[in-house]
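Inspection log for the structure reproduced underneath, given as structure tokens.
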Amino acid sequence: MNLPGWARACSRPLVLFFDEIDALRGQSLISVLRQLRTGFADRPGAFPLSVALCEEMAVPVSEPVTAERPSV
């Protein structure tokens, strides 16, 4: 089943998470992003209502987290 078919078959709005989208490079990434852009106009009936693109990113920590200074 393709993504539009899956979205139509779901009784509730479909939400899609792409984990580690940054692992895609070059034409693969461009292809995924083009497909998302093309399908956007068909939501929520034939496309996910919402799409989250997640990526792994190293965040430098300069100070330890404490009770007095919680993380932001």
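Quick notes on this structure:
- Close Cβ contacts (under 7 Å, 6 or more residues apart or on different chains) running from residues in the range 4-26 that are in contact (Cβ under 8 Å) with a residue 12 or more places away in the chain and over 12 Å from Arg43 (Cβ atoms) to residues that are aromatic (Phe, Trp, Tyr) and surrounded by 11 or more Cβ atoms within 10 Å (Cβ to Cβ) are absent.
- Lone qualifier among Phe17, Phe47, Phe40 - being in a loop (DSSP other than H, G, I, E, B) and at pLDDT 85 or above: Phe47
- If you check Ala41, Ala7, Ala23 for being more than 17 Å from Glu56 (Cα to Cα) and surrounded by 10 or more Cβ atoms within 10 Å (Cβ to Cβ), only one passes: Ala7.
The values are calculated or read from the model by the stated rules, or taken from the named source; none is laboratory data. What you see is a predicted model; the values in this text were computed from it and never measured. Here Cβ is always computed from backbone atoms with ideal geometry, including for glycine, and neighbour counts include all displayed protein chains.
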